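S.K.: Please read through the structure below; I'll follow up with questions.
The values are calculated or read from the model by the stated rules, or taken from the named source; none is laboratory data. Predicted model, so just to flag it, every value in this text is computed and none were measured. Every residue, glycine as well, gets a Cβ built from its backbone with ideal geometry; the counts of neighbours run over all protein chains shown. Note: areas computed on protein heavy atoms with side chains; ligands, DNA, RNA excluded. Shrake-Rupley method; radii C 1.70, N 1.55, O 1.52, S 1.80 Å.
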Amino acid sequence: MKQYQRILQNSGISEAFRKKTFENFEPVNPKAELAKKMAMEYVRKFEQLRKEKYNSIAFLGQVGAGKTHLSIAIANELMKQGVGVLYMQYREAIIHLKQNILDEIYYQDEIGRYKMASVLLVDDLYKGKVTDADLNIMFEIINYRYLKGLPIIVSSEYTIDKLLEFDEAIGSRILEMCRGRIVEFEGIELNYRLRA
Ligand SMILES: Nc1ncnc2c1ncn2[C@@H]1O[C@H](COP(=O)(O)OP(=O)(O)OP(=O)(O)O)[C@@H](O)[C@H]1O
Ligand SMILES: [Mg+2]
């Protein structure tokens, strides 16, 4: 119980986000149903998966399709199993890191959290204007995790092609890590926020 509390506290996942679960994720269309299945299977198999080379999962594409919801639902379940997860709101985290780049000790500490977390949830990858400095930071984090075989859960409004266009080195590592577990949502009708 104590350990679970500590995991929750360190995750950076807000109270509101704790409510994003599999139970309240409705299979409103075949794509949502497939994504939910994949997410639940990921949790079920995680202890085995984490030892494997391709041990990550990605939810890409259409805004409002439930990418963050499912990513957080996975994180919530993993934390219940005693696995540490760190939530990284991409835009906020990058801004914060860049603001502190001159404070070497603090910076290494901060970026080190993202590099070394047992599981890293990158939410809204490449949201906003992306600069070379942003890409350098992401490369450092992703490459470290790639080399160490540390799992990532990725949500991004960009699809596979776009991820590779932003930066092939980062994109191809992410895609390799998530091999076999990438959901691409396509079509505005999948936007849950706009449901009639
Ligand atoms: N299938 C679903 N069942 C229940 N709630 C859903 C479902 N899909 C999305 N939602 C809800 O709709 C809202 C939008 O979903 P979410 O934030 O996960 O979308 P997203 O794909 O991450 O969008 P964005 O690209 O804007 O970040 C959230 O409140 C989420 O809980
Ligand atoms: Mg989102």
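S.K.: Could you grab the pairs with beta carbons closer than 7 Å, sequence gap of 6+ or different chains, first residue in segment 53-73 and at pLDDT 95 or above, second one open to solvent by 10 Å² or more (accessible area, probe 1.4 Å) and within 8 Å of ligand 2 (Cβ to nearest atom)?
M.R.: Every condition considered, the pairs that remain are Phe59/Lys67; Gly61/Glu157; Val63/Glu157.
S.K.: With the condition kept exactly as written, say whether any residue in segment 125-134 is more than 12 Å from ligand 2 (Cβ to nearest atom), open to solvent by 70 Å² or more (accessible area, probe 1.4 Å) and not basic (Lys, Arg).
M.R.: Yes - at least one qualifying residue is present in segment 125-134.
S.K.: If you don't mind, another one. Testing Pro151 on (1) of a type outside the set (A, V, I, L, M, F, W, C); (2) open to solvent by less than 40 Å² (accessible area, probe 1.4 Å); (3) on the phi > 0 side of the Ramachandran plot, one condition comes back false. Which one is that?
M.R.: Pro151 satisfies every listed condition except (3).
S.K.: Here is a further query. Give just the number: which of (1) surrounded by fewer than 21 Cβ atoms within 10 Å (Cβ to Cβ); (2) under 30 Å from Arg195 (Cβ atoms) does Ser56 not satisfy?
M.R.: (1)
S.K.: While we're on this one: Considering only residues that are basic (Lys, Arg), outside any helix (DSSP H, G or I) and at pLDDT 95 or above, which ones fall in segment 172-196?
M.R.: Within segment 172-196, Arg179, Arg181 meet the criteria.
S.K.: Let me ask another. Hey, could you check segment 73-118 for residues that are of a type in the set (Ser, Thr, Tyr) and within 25 Å of Thr131 (Cα to Cα) and say which is least open to solvent (accessible area, probe 1.4 Å)?
M.R.: Step one: filter segment 73-118 for residues of a type in the set (Ser, Thr, Tyr), giving 87, 90, 106-107, 114, 118.
Cutting the leftovers down to within 25 Å of Thr131 (Cα to Cα) gives us 87, 90, 106-107, 114.
On the way: Tyr87: 35, Tyr90: 1, Tyr106: 86, Tyr107: 17, Tyr114: 19 Å².
For segment 73-118, the residue satisfying everything is Tyr90.
S.K.: Further question: Taking Arg173 as meeting all but one of (1) out of contact with any Asp or Glu (no Cβ under 8 Å at 6 or more places or on another chain); (2) open to solvent by less than 40 Å² (accessible area, probe 1.4 Å); (3) not aliphatic (A, V, I, L, M), write down the number of the exception.
M.R.: (2)
S.K.: Tell me, yes or no, whether segment 159-167 has at least one residue that is within 16 Å of ligand 2 (Cβ to nearest atom) and either open to solvent by 10 Å² or more (accessible area, probe 1.4 Å) or in contact with an Asp or Glu (Cβ under 8 Å, 6 or more places away or on another chain) (or both).
M.R.: To start, the set of residues in segment 159-167 that are within 16 Å of ligand 2 (Cβ to nearest atom) comprises 159, 162-163.
Filter again for either open to solvent by 10 Å² or more (accessible area, probe 1.4 Å) or in contact with an Asp or Glu (Cβ under 8 Å, 6 or more places away or on another chain) (or both), leaving 159, 162.
Yes, some residue in segment 159-167 is within 16 Å of ligand 2 (Cβ to nearest atom) and either open to solvent by 10 Å² or more (accessible area, probe 1.4 Å) or in contact with an Asp or Glu (Cβ under 8 Å, 6 or more places away or on another chain) (or both).
S.K.: Of the residues Lys31, Lys36, only one is more than 25 Å from Glu110 (Cα to Cα), surrounded by 12 or more Cβ atoms within 10 Å (Cβ to Cβ) and touching a residue at least 40 places away in the same chain (Cβ under 8 Å); which?
M.R.: None of the other options fit; the residue is Lys31.
S.K.: Kindly list, by first and then second residue, each pair from a residue in segment 120-132 that is under 16 Å from Val85 (Cβ atoms) to a residue that is open to solvent by 10 Å² or more (accessible area, probe 1.4 Å) and within 10 Å of ligand 1 (Cβ to nearest atom), limited to pairs with Cβ atoms under 6 Å and residues at least 6 apart or on different chains.
M.R.: Sorted first by the residue in segment 120-132, then by its partner, the pairs are Asp123/Thr68.
S.K.: Would you please name the residue that is nearest to Leu147 (Cα to Cα), looking only at residues in segment 37-72 that are among the β-branched types (Val, Ile, Thr) and within 13 Å of the chain's Cα centre (by Cα)? Talk me through it step by step, then tell me what you get.
M.R.: Filtering segment 37-72 for residues among the β-branched types (Val, Ile, Thr) gives 43, 57, 63, 68, 72.
The next check asks that each one be within 13 Å of the chain's Cα centre (by Cα); those that pass are 57, 68, 72.
Details: Ile57: 17, Thr68: 25, Ile72: 24 Å.
Result: Ile57.
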